[in-house]
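Written out below as structure tokens is the structure these notes cover.
What follows is calculated from the coordinates using simple rules that are stated; it is not laboratory data. Just so you know, these numbers come straight off a predicted model, no measurement behind them. Ideal geometry is used to build each Cβ from the backbone, glycine not excepted, and the neighbour counts take in all protein chains shown.
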Amino acid sequence: MTAVGDRAFGTEGDHYTTEPWVLSLLAYLQAYRNVVGKDLVEGSSAEWFLPHYLTRIIERDGELDVPTYGRSRRFGGGSIFTLGMGTVSERFLPGVMWLFRRHLGMEGDKTFGISFPYEAAFALKNYREDVTPQNPGKILDRVLADKQKGFYVFRDRWQDSNDFVASIYLKRQPLGGAWSYPDVGSFRIWGLGGRWANPGISDKDGQWTDENVAVVPKIRPWKYSKPIFFLSNPNGSGIVSLKTNDNVVTGSKSRAGIGLVRSFAVDYSGSSGASGLFAVVDKFEGMPEAEAFQNKTWIMNTEGKVTIRDSSSGSSKTNRTFTIESPNGTTMKGTFVAPSQVKISYQKTKTGGKILATGGNEFFVIMTVQKGQAPPVTISGKGLDAIVRVGKQTIHFGSDRLFLGVF
């Protein structure tokens, strides 16, 4: 398979990945095994299809949902479990059954994930009464890395709607002629019932500004990136750094280009005093100060209520922050370590809104998610050389990667 990676993430995103699985591939894999007697799943990327989504799914208001990528912003829903359970290996099946029984079976909505009548046959055939469900945390790692496609997921636990799932897509292996989206280096953050960094509007044109990225106005979106650092922790925390291809000014004959190094850090240790801490650094390489590459904008789409401190107060500290409040009262507080003269604004969209930040040639953002008051953020130094302290956690950037003092 070239469309999906070694952990079953699809280049074209979730809708165009799960649609063919549901409509044909899952049934074909089982029919081939039954008729020919050969298992095409074991040892292939197909083995990871359901474990992959098991790692990313979060329940809210009784529905299973995924922080999606790509066009259409959908995934196959309960059908991927109803049709796909017969392809799951014995080592993963107890974890898949845990979710299936809890949300789709007799302990859940009792639909068994059936969307069309023919799916009932798969539910009857593949539902296993002899398998004892186990929490997926006993079976799966909390960090999933599809190194072939460059997709990384960080989860803190499998329990309820307050679980954290953060992810970032490097787009390491784009496919020519595919339904692509300008999401190189884009990230998602869900947790404590809130959807903090969310997919934006999905339309046929695929707007760069509808992803959680750093945009340079006069260049096209980066086509791909490669990982330059990756570190994970058994508690679900991790750090990923990427480097994009170099892009030139649209229509320019000059070969002068600009590339991006983005580092993304996730901390579930609790050492910061928050349930989840997230950090993002964007360092531009090549000619970031050239006139053609000015007016860079850092963008994050969100669905919560956004508050930006009034810059007229004259306090450099208040100028650096935004707060997002979810309907259940939990909050994310974001602090811009760089640029020092950041200008933060907010725009409403059809899916909620987006936070935009301008004012420099580099970005360093710390975000904490919590119930109650956010822990204070202390900054020593300037720009990408700054050292940040949040509770007992320290964060700094160097050698093209973020560092966490407690990891």
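Using the structure shown, list the pairs from Lys354/Lys382; Lys138/Lys371; Lys149/Lys333; Lys305/Lys371; Lys243/Lys392 with a Cα-Cα distance above 21 Å, or answer none.
Lys354/Lys382; Lys138/Lys371; Lys149/Lys333; Lys243/Lys392
So how tilted is helix 26-36 from the main axis of the chain? Cα-based, degrees 0 to 90, rounded to 10.
40
Just from its helices, what would the mean residue ellipticity at 222 nm be for the chain, if runs of 4 or more DSSP H residues each count -39500 (n - 2.57) and the sum is divided by every residue, rounded to the nearest 500 deg cm²/dmol?
Taken over the chain, the calculation gives -3000 deg cm²/dmol.
In debye, nearest 20, what is the charge dipole magnitude of the chain about its Cα centre with +1 on Lys and Arg Cβ and -1 on Asp and Glu Cβ, if you could check?
The dipole magnitude comes to about 860 debye.
Please report the relative contact order for region 181-404, taking Cα pairs under 8 Å with a sequence separation of at least 6, and give it as a percent rounded to a whole number.
Relative contact order comes out at 19 percent.
Provide the gained length on full extension for the span Ala120 to Gln294, in nm with one decimal, where the gain is 0.36 nm per separating residue minus the Cα-Cα distance.
57.0 nm
Starting from the 7 Å offset along Cα-to-Cβ, what nm value, one decimal, do you get for the label separation of Asp6 and Lys371?
3.9
List the GluC sites (Glu not before Pro) within region 37-78 that fall in a DSSP loop (any state other than H, G, I, E or B) and whose Cβ has at most 12 other Cβ atoms within 10 Å.
Glu42
Projected onto the charge dipole of the chain (+1 at Lys/Arg Cβ, -1 at Asp/Glu Cβ, origin at the Cα centre), which of Trp179, Phe81, Gly105 gives the Cα projection farthest towards the positive end?
Farthest towards the positive end: Trp179.
For an R0 of 30 angstrom, estimate the FRET efficiency from the Cβ-Cβ distance between Ser340 and Gln173 and round to the nearest 0.05.
0.20
When a/c reaches 1.5 or more, the comparison of a/b and b/c decides; with that in mind, is region 262-379 rounded, prolate or oblate per its Cα gyration tensor?
Prolate.
So what is the relative contact order for region 95-192, in percent, with contacts set as C-alpha pairs under 8 Å and at least six apart?
Dividing the mean separation by the residue count of region 95-192 yields 19 percent.
What relative contact order, as a whole-number percentage, does region 46-134 give when Cα pairs under 8 Å and 6 or more residues apart are counted?
Computed value for region 46-134: 29 percent relative contact order.
I want to check the label-to-label distance for Arg33 and Asp400. Put each point 7 Å from Cα in the C-beta direction and report it in nm to one decimal.
For the pair Arg33/Asp400, the computed spacing is 4.1 nm.
Need the full-extension length gain, Leu40 to Glu129, defined as separation in residues times 0.36 nm minus the C-alpha distance. One decimal, nm.
Additional length available on full extension: 29.6 nm.
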